[in-house]
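Colleague: Have a look at this one.
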Amino acid sequence: MPVAAAVPASTVKWTRKHLLGLEELSADEITLILDQAEEFKRLAARGETKLKALSGTVVANLFFENSTRTKTSFSLAAKRLSADTIDFSAGGSSLSKGETFIDTARNIEAMGANQVVVRHSTPGAPLLLSQHVNASILNAGDGTHEHPTQGLLDVFSIRERVGHIKGLTVALVGDILHSRVARSNIWGLTKLGAHVIVCGPATLIPPHIERLGVEVAHNFDSILPRCDCVNLLRIQFERQRSGLFPSITEYSHLFGMNGDRLKKSKSDIVILAPGPINRGVEITPDVADGRNSVILDQVTNGLFIRMACLYLLHQRQNPTAS
Amino acid sequence: MATLLIRGGRIIDPSQELDRMGDLLLEGRRIVGIDAPCPNPDEVIDARGLIVSPGLIDLHVSLREPGNEEDETIATGTAAALAGGFTSVACMSDTRPVVDNRSEAEFIMIQGERAGNAHVFPLGAVTKNNAGQELAEMGQLVEAGVLAFSDGRTPVANAEIMRRALQYASMWDRPIFNRPQVPELVQNGVMHDGFISTRLGLRGMPAAAEDIMVGRDIALCELTGGRVHLMCISTEGAIDLIRRARERGLRISTEVTPHQLLLTDQVMDTFDSAYKVDPPLRTERHIAACIKGLQDGTIEVICSDHQPHSPEKKQRELDLVPFGIAGLETLLPLCITGLIETGHLSWMQFLSKVTIGPARVLNLNKGTLRAGADADVTLINPDVSWTIDPTQFQSKSRNTPFGGRQVRGRAQTVIVNGQVRYRA
């Protein structure tokens, strides 16, 4: 059993203590994570699924907002690297007894956590935590701000299918306003040279988003023929109730990916969805389960991306060392 | 009666457009005048190198007592006022319980007198419990000594209630202070709605929320003939509307805070809760409009919007943190450094916004050095350079984004009722 994966052939060294978002990362740093994830995936394919890299360390999952897949994925990633894991969710914790977020994290840290994976409904909460605890913080989604590992696994899945990111046209479709996935995708994809289109109802596109270097569209059919990839963001039903669009049916009619739309697309278009998907709303089953879809690859790749992040934060180089 | 001579200072009194070297004489609780003969004063203050101003008035502070004494008390809040150069403060009705009845107003006045620092003028609630449903007992509040009405940070959202409040308060010619903001447009917002909020994924509060409510209040002011004071203006649109309304002769006044003039929404990059204020920090364009409004007189008042919060309330997730900055002790140096030294305002213009401007809104016999006015005087050292250090605040709270900032100028000596109450 190897101690750790071979370091990918890159001149860039990982120096960051925390992974708070993709906005702050350079293209080289993003590529470093992708390459590391690829290496882990290669090892797993050879049957080397259990690595000792994080042996003796503790990874805490601190989830203040519901999550199944991200939490499970992080847990498994930590275990694959031989870390001990602590799972902590808001429901069954002292948070319901009035303890503050920061105190909860300090308590977890006092149990010896080296890395804290945090999900929270408030943007900036992981940053706040990084200012109050000594452990490495991994952002597993903060409100509508960022979800860096989701952004990374989406970029990874595209790169894996197409072979590169530079020059691709990628549409993010749906609720951009409330989507941390959209923001992390925008940072990750644009930094690596893709052209990003955000497409959705005008009520769900936030103001001035074009200043992030993306194209804004409201007509899905008109942009579709140009797209190499579409990422279909999950639509939350409560957005309809709060008056942001008239009905799910209309949403699906205007922005849903279905067989007809697939016919108008490039034959090798890559279909992504961060999930959990609403079949028949953002995407119809024939597309979700068809040959253009990488939806399940995304889940698989999420594990390797999270292993790569945990590994790199643990192995980080001291930036002051020469 | 005891006489106090303030000798050799640069006397600036915007109420008389006066700016000259001279000696100011006080006798008892009244101002006698400038260069009045007084061969043997009981006390002399050497004011050489200092600016002698009418005592500063802060039209918008929250003192938190009763109900939230962990944030501030009337004693600590008025001590902070003195340290900031203020001889009078008008405090919001949003205490617990709310100042919507005579006994609550009288309690605050008594606590103010007991503290013996700055004068305290409690604002009465517009509506019972600041709930926006039924008018508070304004007549009894006036009898207690209340000079104006406000529901604090809570806008009077219902136009019909606002209309009746303006009509009713006009019986005593008292202004309604309203926080102009359409609540449904800023729900769950934490910062200005714009590119930065989009980038950070933070819920935005659009400038239109303020513009719309300002437009409504102007229309209601015209309808009722009442007096409206619009609190904490922050948008270009609102200032344009107010300018035109005042040109038409409507009885509308407004105020702005120093942090609105010095900081943009860009600082939210840090997710630092110290910057979470309401109205939110906006953009350069809005700041330029505020400064123009101050220069041309559309905005008559600069206030601190002092919102003290204990550390445990501010050290939390941004969504849960209450709005506001503890601003009493930083307004004067921030304005000297950020408005006067940068050339935006003259001393005369700036001092009018914290003396005669607010005095006129509350109809006080203050904010002036005319003979017979109340003997409240602030001596300002305009040259001293120092660093803002929140740990040295008189206020019980430390929530400010200005800690560590290099500033110039501060209150040197503060005189209330003819007595020296504070020396730096």
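Colleague: So, in region B:242-296, exactly how many residues are aliphatic (A, V, I, L, M), surrounded by fewer than 19 Cβ atoms within 10 Å (Cβ to Cβ) and either closer than 16 Å to residue B:190 by Cβ or outside the structural domain of residue B:217 (by TED's automatic domain parsing) (or both)?
Modeller: Result for region B:242-296: 1.
Colleague: Would you pick out the residues in region A:115-134 that are at pLDDT below 95 and either farther than 25 Å from residue B:188 by Cα or surrounded by fewer than 18 Cβ atoms within 10 Å (Cβ to Cβ) (or both)?
Modeller: A:121, A:131, A:132, A:133, A:134
Colleague: Also, I was wondering about something else. Of all residues being touching a His at 6+ places or on another chain (Cβ under 9 Å) and of a type in the set (D, E, K, R) in region A:171-190, which is surrounded by the most Cβ atoms within 10 Å (Cβ to Cβ)? Just the residue, please.
Modeller: Filtering first and then ranking leaves A:183.
Colleague: Can I ask one more? Please enumerate the residues belonging to region B:205-239 that are farther than 22 Å from residue B:300 by Cα, in contact with a strand residue (DSSP E or B) (Cβ under 9 Å, 6 or more places away or on another chain) and in contact (Cβ under 8 Å) with a residue 40 or more places away in the chain.
Modeller: B:205
Colleague: Going by the structure shown, is residue B:236 closer than 30 Å to residue A:178 by Cβ, away from chain A (no Cβ under 14 Å), among the acidic types (Asp, Glu) and buried (at least 24 other Cβ atoms within 10 Å of the Cβ)?
Modeller: Answer is no for this residue.
Colleague: Any chance region B:364-385 includes a residue that's under 30 Å from residue B:276 (Cβ atoms), among the acidic types (Asp, Glu), in a loop (DSSP other than H, G, I, E, B) and modelled with pLDDT of 95 or more?
Modeller: The answer is no, given that none of the residues of region B:364-385 is under 30 Å from residue B:276 (Cβ atoms), among the acidic types (Asp, Glu), in a loop (DSSP other than H, G, I, E, B) and modelled with pLDDT of 95 or more.
Colleague: Are any of the residues in region B:40-47 closer than 23 Å to residue B:84 by Cβ, outside the structural domain of residue B:179 (by TED's automatic domain parsing) and small (Gly, Ala, Ser)?
Modeller: yes
Colleague: Under 8 Å between Cβ atoms, at least 6 apart or on separate chains: pull out the pairs that start in region A:237-256 with a residue that is more than 12 Å from residue A:174 (Cβ to Cβ) and end on any residue that is among the acidic types (Asp, Glu).
Modeller: none
Colleague: Please give the number of the condition residue A:290 fails out of (1) surrounded by fewer than 18 Cβ atoms within 10 Å (Cβ to Cβ); (2) not in a loop (DSSP other than H, G, I, E, B).
Modeller: Of everything listed in (1) surrounded by fewer than 18 Cβ atoms within 10 Å (Cβ to Cβ); (2) not in a loop (DSSP other than H, G, I, E, B), residue A:290 misses just condition (2).
Colleague: Residues that are over 16 Å from the mean Cα position of the chain (by Cα) and within 11 Å of chain B (Cβ to nearest Cβ): list the helices (runs of 4 or more DSSP H) wholly contained in region A:74-190 that include at least 2 such residues. Walk me through how you get there before you give the answer.
Modeller: Values: elements: A:101-110, A:125-130, A:148-162.
Once the helices (runs of 4 or more DSSP H) in region A:74-190 are filtered for at least 2 residues that are over 16 Å from the mean Cα position of the chain (by Cα) and within 11 Å of chain B (Cβ to nearest Cβ), what remains is A:101-110, A:125-130.
Colleague: What number goes with the only condition from (1) hydrophobic (A, V, I, L, M, F, W, C); (2) closer than 30 Å to residue B:154 by Cα; (3) surrounded by fewer than 18 Cβ atoms within 10 Å (Cβ to Cβ) that residue B:36 does not pass?
Modeller: With respect to (1) hydrophobic (A, V, I, L, M, F, W, C); (2) closer than 30 Å to residue B:154 by Cα; (3) surrounded by fewer than 18 Cβ atoms within 10 Å (Cβ to Cβ), residue B:36 is out only on (2).
Colleague: Going through region B:179-208 one residue at a time, which ones are more than 14 Å from chain A (Cβ to nearest Cβ) and part of a helix (DSSP H, G or I)? Break it down into steps so the answer makes sense when it comes.
Modeller: To start, the set of residues in region B:179-208 that are more than 14 Å from chain A (Cβ to nearest Cβ) comprises B:179-183, B:186.
Answer for region B:179-208, where residues must be more than 14 Å from chain A (Cβ to nearest Cβ) and part of a helix (DSSP H, G or I): just B:183.
Colleague: What single numbered condition from (1) under 20 Å from residue A:157 (Cβ atoms); (2) in contact (Cβ under 8 Å) with a residue 24 or more places away in the chain fails to hold for residue A:289?
Modeller: That leaves (2) as the condition not met.
Colleague: Right, another one. Would you check which residues across region A:198-213 are of a type in the set (A, V, I, L, M) and either farther than 13 Å from residue A:182 by Cα or within 11 Å of chain B (Cβ to nearest Cβ) (or both) and list them?
Modeller: If the condition is that a residue be of a type in the set (A, V, I, L, M) and either farther than 13 Å from residue A:182 by Cα or within 11 Å of chain B (Cβ to nearest Cβ) (or both), then A:198, A:202, A:205, A:209, A:212 are the ones that fit.
Colleague: Only one of these is free of Cβ contacts under 8 Å to residues at least 40 places away in the same chain, of a type outside the set (A, V, I, L, M, F, W, C) and in the same structural domain as residue B:358 (by TED's automatic domain parsing): B:139, B:145, B:116, B:84. Name it.
Modeller: Just one listed residue meets the conditions, B:139.
Colleague: Quick one: would you say residue B:219 is surrounded by 24 or more Cβ atoms within 10 Å (Cβ to Cβ), more than 14 Å from every other protein chain (Cβ to nearest Cβ) and more than 24 Å from residue B:321 (Cα to Cα)?
Modeller: no
Colleague: If a residue has to be of a type in the set (Gly, Ala, Ser), over 16 Å from residue B:420 (Cα atoms) and exposed (fewer than 15 other Cβ atoms within 10 Å of the Cβ) to count, how many in region B:15-31 make the cut?
Modeller: Qualifying residue count, region B:15-31: 0.
Colleague: Before we move on, is residue A:130 among the small types (Gly, Ala, Ser) and touching a Leu at 6+ places or on another chain (Cβ under 6 Å)?
Modeller: no
Colleague: Filter the helices (runs of 4 or more DSSP H) completely within region B:95-178 down to those with at least 1 residues that are under 24 Å from residue B:71 (Cα atoms).
Modeller: Helices (runs of 4 or more DSSP H) meeting the threshold: B:102-115.
Colleague: Here is a list of conditions, (1) at pLDDT 95 or above; (2) away from every other protein chain (no Cβ under 14 Å), and residue A:234 meets all of them except one; can you say which number that is?
Modeller: Failing condition for residue A:234: (1).
The values are calculated or read from the model by the stated rules, or taken from the named source; none is laboratory data. Being a predicted model, the structure only gives us computed values, none of them experimental. In this analysis, Cβ positions are derived from the backbone assuming ideal geometry, glycine residues included, and neighbour counts consider all displayed protein chains.
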